[in-house]
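Novice: Structure provided below as structure tokens; questions to follow.
The values are calculated or read from the model by the stated rules, or taken from the named source; none is laboratory data. Since the structure is predicted, the reported quantities are computational estimates derived from the model, not experimental observations. Quick reminder, even Gly has a Cβ in these numbers, built from the backbone with ideal geometry, and neighbours come from all protein chains shown. These area figures cover heavy atoms from the full protein model, side chains too; ligands, DNA and RNA do not enter into them. Shrake-Rupley method; radii C 1.70, N 1.55, O 1.52, S 1.80 Å.
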Amino acid sequence: MPEQPFEPDRVIAGTGAGGAMDLAASEAQTLERTPGGPLGTGPAGRPRSLWSDAWRDLRHNPVFVISALVILFLVVISLWPSLIASGSPLQCDLAKAQEGSQPGAPFGYDGQGCNVYTRTVYGARTSVTVGVCATLGVTLLGSVLGGLAGFFGGFWDSVLSRITDVFFAIPVVLGGLVLLSVVTSNTVWPVIGFMVLLGWPQISRIARGSVITAKQNDYVQAARALGASNSRILLRHIAPNAVAPVIVVATIALGTYIALEATLSYLGVGLKPPSVSWGIDISAASLYVRNAPHALLWPSGALALTVLAFIMLGDAVRDALDPKLR
């Protein structure tokens, strides 16, 4: 076979089957740097991580985009409700009780003559505050306890498993009726503390399972063989690879905590007047729903939309972080 002359502008690129193919140097560089190429590399040939792949998928997921925009709007009006609502949610006029929509009150008035629109806007602050703080507390406590138990195992793992079994056996609503019925504070902190107390076992189980799975990987064994300390292995190698399931569960649970706060407030053991909460407004409006259904419709609709947005966000994050669903 005659020897082919050397051409500097052509290179030999390896194929996935172990062979080679002859192509121009510019084509080889394009193949090497293409984000979706066979080597799975990003720009400039850098390998893509799970988080970069997840973010790329989330940006093109309409469910994530819509739910994120709804949540962003809720966060903005929670921080600055006066941007879209004028007046005080505690300012009421009995002469306008149960009246329908009119200028200045597009959602009408409730049984006490309070502006339903203003109370619905200000109620978002309470719901978002309870949901975010409870989720942060549950995630932090559950991740630390579950992660340590899964990493070290042994006696403490057995003790934590039995404790979580006890907490799983407590009905959430019944526990709230018992524990919060003796609390006289009108702030959100007793409700948040109750949610953290009964919510951490779920995150703990997820974190424990993720850590147990991650610590069996080869890179963890290699780090241990090289003399890495337990804290370095846990923080640098295991935690970044075990946190994805925790984030997914926590995102979905945030919407659940918002609904739980409204349920407890509806039953009279959560937030209490003069606090502004969707649960309080729904409870009060249920007494005269036939005469003024608008007073029940708007706060319950805002609650349902908020919970749905966080659940949709959690589902989108789960689909993006689960490689099996790609």
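Novice: One residue is enough: does segment 279-289 have a residue meeting the conditions of a type in the set (Phe, Trp, Tyr), part of a helix (DSSP H, G or I) and either open to solvent by 50 Å² or more (accessible area, probe 1.4 Å) or touching a Ser or Thr at 6+ places or on another chain (Cβ under 7 Å) (or both)?
Specialist: No - not one qualifying residue is present in segment 279-289.
Novice: Turning to a different aspect of this structure: For segment 113-128, does any single residue satisfy the condition of being of a type in the set (Phe, Trp, Tyr) and either loosely packed, with under 14 Cβ neighbours inside 10 Å or touching a Ser or Thr at 6+ places or on another chain (Cβ under 6 Å) (or both)?
Specialist: no
Novice: Is it the case that segment 254-265 has a residue that's open to solvent by 50 Å² or more (accessible area, probe 1.4 Å), closer than 30 Å to residue 148 by Cβ and in contact (Cβ under 8 Å) with a residue 24 or more places away in the chain?
Specialist: yes
Novice: Ok, one more. So which of 248, 220, 243, 196 ends up being modelled with pLDDT under 90, among the β-branched types (Val, Ile, Thr), under 27 Å from residue 305 (Cβ atoms) and buried (at least 17 other Cβ atoms within 10 Å of the Cβ)?
Specialist: When all the criteria are applied, what remains is 248.
Novice: Now for a separate question. Say we look at segment 266-278 and pick out the residues that are open to solvent by 50 Å² or more (accessible area, probe 1.4 Å) and part of a helix (DSSP H, G or I); which of these is farthest from residue 177 (Cα to Cα)?
Specialist: 266
Novice: Any idea how many residues of segment 159-185 are in a loop (DSSP other than H, G, I, E, B) and open to solvent by 50 Å² or more (accessible area, probe 1.4 Å)?
Specialist: 6
Novice: Just to verify a result, which residue in segment 290-325, among those that are touching a residue at least 24 places away in the same chain (Cβ under 8 Å) and under 16 Å from residue 126 (Cβ atoms), is surrounded by the fewest Cβ atoms within 10 Å (Cβ to Cβ)?
Specialist: 305
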